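Written below as C-alpha cells is the structure these notes are about.
Bear in mind that the values in this text are calculations on the coordinates, not laboratory data. Since we're looking at a predicted model, the values are computed, not measured. Cβ atoms come from the backbone with ideal geometry, glycine included; neighbour counts cover every protein chain shown.
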Amino acid sequence: MDMPTISRKDFTEALYDIQWVNRHLGGTAAILSELAQFIPPSGVFSILDLGTGSADIPQAIMDWAHQAFLLHSIQFKITAVDIHPVAVDIAQQLAQAYPEIGVIQADALNLDFPDESFDVVISSMFMHHLPAHQPVRLLQEMARLCRRGLIVNDLERHPLAWLGIKALGILQGKGKIFQNDAPLSVLRGFTRQELLALREAAGLPTLQIHHRNPYRWVLSWKKEIGHSSLISASPPIEVFSNN
C-alpha cells in the first residue's frame, strides 16, 4: 500500500481488507477497550486518529458511543488524519453519516496543531509502517497533542502470526495487496523488548504495554495527574473537516 504506483481500485480493496482485520482480529476492540478509561462523564471529548485509512476506527467509536448511550451526555469530535489522498477521499465518503468525524489529509509526523489540542490521540496499525527512527517521533508527537492520553494498537512480530495471516489471506479470498502486505506487516511488527526500548527513547516511562490476542500490542499512556494538560476548561480547537 505504500507504493505510489498502486491503482485506486487495488488501494480501495486493501482498505476494506484492513477494515475486516480491525473488525475480526481485534484491532477495533483493542482501541475501544482502552478508550473507555479516558472518556469523561460529560462535556466535549475530542479524539485525533493518525493514519486513519478509511476511518473505520472513528466510525466504530461513534457506533459504540451510540450503543452505550454516551451521546446523551458527551459531545464527540473526532479528527481523522491520513496522508494518502485516496484514503482521505474514501474516508470522507464513508464518514458522511457521522457528523462527529472530520477527515483531513496531512502528514501525521508534521502536524501544526498546538500542544494538547485533543483529549486523546490514537493510532491503529500505523506505527509499523514507519521507518525505524520514526516510531519514537510518533509517540512523542501523540504525547504532545493529547490532554488526557494516547493509545496505539499495532502488531506483534511472531512466526505464528505470519503463518496465520498468510493462511487467512488465502482462505478468505483477500485481495493481492492484502496477501502480499499483511505478512510483511507482521514482519514489521514489534517485540516487547523493542517496545520497551521505544518507551525509553520517547521519554514516556509510564507508557503501558499490553499484549492482546491474537498477536497484538496495545500501548496506553495517561498524562500525569496535575499536569497542566489535564485542565479541561478550555474547549478543544475546531480542526475536524470533511471538506
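Using the count of nearby Cβ atoms within 10 Å as a rough guide to exposure, how do E224, E116 rank from fewest to most? Exposure proxy ranking, most exposed first: E224, E116. For region 1-137, the Stokes-Einstein estimate of translational diffusion at 10 °C and a viscosity of 1.306 mPa s comes to 102 µm²/s, using the Kirkwood hydrodynamic radius over alpha-carbon pairs. Taking Cβ atoms as reference points and 13 Å as the exclusive limit, the residues near A132 contribute a net charge of +1, counting Lys and Arg as +1 and Asp and Glu as -1. The H on the amide N of T52, modeled in the peptide plane, is under 5 Å from the matching H of V81, D82, each at least 5 residues off or on a different chain.
When each of E141, E194 is scored by the number of other beta-carbon atoms lying within 10 Å, the sequence from fewest to most is E194, E141. Once the Kirkwood radius over Cα pairs is known for region 78-139, the Stokes-Einstein relation at 25 °C and 0.890 mPa s delivers a diffusion coefficient of 190 µm²/s.
When +1 charges are put on Lys and Arg Cβ atoms and -1 charges on Asp and Glu Cβ atoms, the dipole computed for the chain relative to its Cα centre reaches about 600 debye.
Reducing region 157-220 and region 81-99 to their Cα centroids gives an inter-centroid distance of 25 Å. Charged neighbours of A106, selected by a Cβ distance under 10 Å, balance to -3 (K, R count +1; D, E count -1).
Considering only V44, V88, V152, the Gaussian network model of the chain with Cα springs below 10 Å gives its largest mean-square fluctuation to V44. The lysine pair tally for the chain, using Cα distances under 22 Å and a gap of 8 or more places or different chains, is 7. Once divided by 2.2 N^0.38 Å, the Cα radius of gyration of the chain becomes 0.97.
A cut-off under 11 angstrom between Cβ atoms defines the neighbours of I78, and their net charge, with Lys, Arg +1 and Asp, Glu -1, is -2.
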